[in-house]
Structure formats: C-alpha cells, structure tokens
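Notes follow the structure.
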Amino acid sequence: MSLVLVVEDEAAIAELISINLRHAGYDVTIAATADQAQAAVDAVLPDLVLLDWMLPGQSGLALAKQWRSQPRTRELPIIMLTARSGEADKIGGLDAGADDYLTKPFSTKELLARMRAVLRRKAPEALDTAVEIGGLRLDPSTRRVTKPVGGTLREVKVGPTEFRLLHFFMTHPERVHSRAQLLDRVWGDHVFIEERTVDVHVKRLREALAPVDSAHLIETVRGAGYRFTQPVGSVAA
C-alpha cells in the first residue's frame, strides 16, 4: 500500500482528497504547512507527495526545490496541485522539480491516473537502487545482502522470496504492514496462498539475519502485522 503525503492548507480540500485516496487503497498523511510536510517526510519517506503551490509561510514551490536539492528526497515523486493555470506557472512548477502538475479543480479519476503514471515512471528506478538501513545493505542489481561485522563484510544468504520480502521491508521502513498487504505487494495479488505463509517467510528471514545481528529489525506488531524498524541515526540509501 503506497503512502501519499497530501500537503494542502485548506482543510476541506485536504480531507476530500484524503477520503478519495483511502477509498482507492492508499495510505494518506495530511500536512497543512511546509513545516508540517517537512516533519512528515523526515519521519517516514512517502511514496508520493501531492503538493499545493500556495501554502502559509514557505510555498510549495520552494519546498519542492528544497527536496530536490537533498539526497534523501531527490527522487521523491511530487505532483503539484494549484489553482494557477498559466503556462508560465506550469513551467515554474515543473522546473522546481514537480513530476506532474494538476490544476484545480480536478476530478478524482484524473488525479488517480496522474498518480499511477508518476509511480510507474519512478518504480523502475527504485527497483535497482541499493538500500541500506542499520548497516544492512540490499542491492537488487547484484541480488546481495551484506553487513559489516567485526570489520568483515558478511553476506546474508536468503532465498528469492525472503529477498523480495526484505527489499519491500527496507524500502518501506517504520510502517506496519498486515499479512494481506505483504501478500499483495511481495507475492502479488493473483497468488492465492494462506496469510500465515507470510509468518513462515518472516521466520526464515529473521533466521537468515540473525548471524549479522539484524533479526531484531523485523518487529511483530500484535494484531496488525510486521514492521521493519529503522535504528536512530541510520539513513536509507
């Protein structure tokens, strides 16, 4: 389930967008100011941002430029939402780093179509990008998982399903994922298997990570599912 950050200072508009996105299957976080948006991004990197141009204090345009200048948020998918429909405004938004530009008022169908298009364009880049959390490094291009232990780089041996599961966890840290969500995102929604199968693979993954002292990164959230924790001070590559 993709996490979408809606940055919109008009509460009624933000709530309407949020309701429609949740109905479409997205997780949603709302921010009313640039400061709130930055705090939300600092806490958990979203999969996509819907960013209003006009915000109190710092503008959405300035915020987009700021995110594009920082390594952690450089590739963050951004769709600019604005009532400014002039060609110069659109060019300004795209030049600031927005991946797309949507003029108010817009239909929910168009918004969802634009979001799917941006997420599709960004997905191939994320698939081959190495990610590192807490010293644990996963490289999709080489299919290797490694971690330095006692000055020696140790390779973690995991099966193909555990590799996909770990990749999903590491690219979505600090979020709680239900077994159904993990089945959908890791196994695919056309695979009809028991939800408890997830438990088996999580157990295998923890066993594989134990020799490099990383099994604890996968937390069981009672009654909800699993969460991959990001240790304080660690940054995902």
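A few comments on the model shown:
- Verdict on Pro105 being under 19 Å from His172 (Cβ atoms) and part of a loop (DSSP other than H, G, I, E, B): no
- Qualifying residue in the stretch 47-61 (condition: within 20 Å of the chain's Cα centre (by Cα), over 12 Å from Val7 (Cβ atoms) and modelled with pLDDT of 85 or more): yes
- Matching entry among Ala12, Ala98, Ala24, Ala62 (being touching a strand residue (DSSP E or B) at 6+ places or on another chain (Cβ under 9 Å) and not basic (Lys, Arg)): Ala98
- The residue that is nearest to the chain's Cα centre (by Cα), counting only those in the stretch 104-118 that are exposed (fewer than 15 other Cβ atoms within 10 Å of the Cβ) and more than 16 Å from Leu16 (Cα to Cα), is Arg116.
- Condition met for Leu76 (in contact with a Pro (Cβ under 7 Å, 6 or more places away or on another chain) and under 30 Å from Gly225 (Cβ atoms)): no
- Verdict on Leu183 being surrounded by 15 or more Cβ atoms within 10 Å (Cβ to Cβ), hydrophobic (A, V, I, L, M, F, W, C), out of contact with any strand residue (DSSP E or B) (no Cβ under 6 Å at 6 or more places or on another chain) and modelled with pLDDT of 90 or more: no
The values are calculated or read from the model by the stated rules, or taken from the named source; none is laboratory data. Please read all numbers here as calculations on a predicted model, not as lab measurements. FYI the Cβ positions are ideal-geometry reconstructions off the backbone, even for glycines, and counts take in every protein chain you see.
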